[in-house]
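Read-outs: derived from the displayed coordinates by stated rules, not from any lab. Here the structure is a predicted model, which is why all the values come from computation and not from measurement. Glycine gets a Cβ as well: all are built from the backbone with ideal geometry, and neighbour counts include every protein chain shown.
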Ligand code: PPE
C-alpha cells in the first residue's frame, strides 16, 4: 500500500524529519525479526482527531516486547503522549500510526541480549486497507496453504516483526491466486485468522470467533466488536471453527485496526450467504464506524482526543 510521507517521526524520545527515520543495515531486527510493532488508527471526529484505543495498543506493544525478552525504555504513558504529539505536530486528521521497537546495532549473531532497543512512532494518512469496494461490498478470500505459525514455535499471540513472514507468505499466495486476502488455519487445522485480521462467523443469528487459544493475535478491534455485538443484544461465542463451517456461514467478516470491519463475500469460491454483506455484519460495521468517529456516547472513552 502506497503512503504519503508526513513531516516528522518520533524516535527514541525526540521528533526527527521523516527522511532521517532510517535504520542501519546491521540492526538485529532486520536480520532476525526481533522487534515488535503496533497498528493504530486516529479518526477525525467533531472534537478533532482522536486516537482509537491508544493505551491498549501501547500496552500490547509492551506485552509483545516482554514475549521476546525485550524491555522498551519508554513507558506506556510516554508512548501515548508521544503519539498524540506526533499527530498534532504533523497536523494530521485521520491517520494510521505505526509504533515499532526493535533490537538495533551491536554486533552479529542471533542472541540480542544487551543490544540497544530503538523505538519509532510513525503516522501517515491511510484509507481502507482492503479497498473501499471491499469495505462496502465485501472481499473474496481463500484458505491458505500456509498454516498459522504454531504458538509452540514462536509467541504467536504477540505482534512480533519476524512472525509476519507467515502473514506475508499467506497474503502473497492469496493475491497471486486472485483473492483479496487469506484465511490461515492453525497447526491443528482449525480457523485462526487472516494475514492481518481476526475473523468472525454468523450462523443462525449467533456470532462466533476463534478463541485466543487458537493461536491468534488478541485483536483490539475483535474485543471492541465483541462488546458492541453483545451490547446490541447478539450472542457471541469464542469457539473453535473448522474450515468446513465457514462454508455454512450466513455471514463472515474480518476485524482489525487497518481492516476495521470488512465483510467477506466469498470463501474458497463459495458465496457467503447471498454474496453481499449480511445484516449483522452491516449493523456492526455501522456501529463500529460511528464509535470510532465519536458518535456513540457509551464508547466515547475508547477515543483519546489529540487536543
Ligand atoms: N491478526 C493479525 C495477524 C494482525 O496483524 C492484526 C492487526 C489483527 C489480527 C487485528 O488486530 P487489531 O488491530 O488489534 O484489531 N494487523 C495490523 C497490521 C496490518 C499490516 O501491517 O498490514 C493492523 O490492522 O493495523
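Is the C-alpha gyration tensor of the stretch 16-68 telling us rounded, prolate or oblate? Criteria: a/c under 1.5 is rounded; beyond that, a/b larger than b/c is prolate, otherwise oblate.
Values: a/c = 4.22, a/b = 1.53, b/c = 2.76.
Judged from the Cα gyration tensor, the stretch 16-68 comes out oblate (a/c at least 1.5, b/c at or above a/b).
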* To do: Would you mind computing Rg(Cα) / (2.2 N^0.38 Å) for the stretch 56-136, counting N as its residues?
  => 1.35
* Structure fact -> Hydrodynamic calc, the stretch 122-252: Kirkwood Rh from Cα pairs, then Stokes-Einstein at 20 °C with viscosity 1.002 mPa s, so D in µm² s⁻¹ is 138 µm²/s
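What FRET efficiency comes out for residue 212 versus residue 22 if R0 is 25 angstrom and r is the Cβ-Cβ distance? Round to the nearest 0.05. Before the final figure, lay out the partial values.
On the way: r = 36 Å, r/R0 = 1.44.
Result of the calculation: an efficiency of 0.10.
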* To do: Let me know the Rg and Dmax you get for the chain when you use only its Cα atoms, in Å.
  => 19.2, 57
* To do: Can you tell me which of 64-70, 298-304, 222-228, 18-24 comes out highest on packing, and rank the rest after it, using the mean Cβ neighbours within 10 Å?
  => 222-228, 64-70, 298-304, 18-24
* What distance in nm separates the simple spin-label points at residue 47 and residue 270, each placed 7 Å from Cα in the Cβ direction? -> 4.6 nm
* To do: Determine the calculated [θ] at 222 nm for the chain from helices alone, applying -39500 (n - 2.57) to every DSSP H run no shorter than 4 residues and normalising by the residue count; nearest 500 deg cm²/dmol.
  => -8000 deg cm²/dmol
* Structure fact -> Length gained, residue 165-residue 245, 0.36 nm per residue minus C-alpha separation, equals 26.1 nm
* Between 0 and 90°, nearest 10: helix 279-292 axis offset from the chain longest Cα axis -> 30 degrees
* Chain lengthening between residue 88 and residue 234 when straightened (0.36 nm per residue, less Cα-Cα) -> 48.8 nm
* Roughly what would the spin-label model give for residue 132 and residue 147, points 7 Å off Cα along C-beta, in nm? -> 4.2 nm
* Compute the distance in nm between two label points, each set 7 Å from the Cα along the Cα-to-Cβ direction, one at residue 223 and one at residue 3. => 2.3 nm
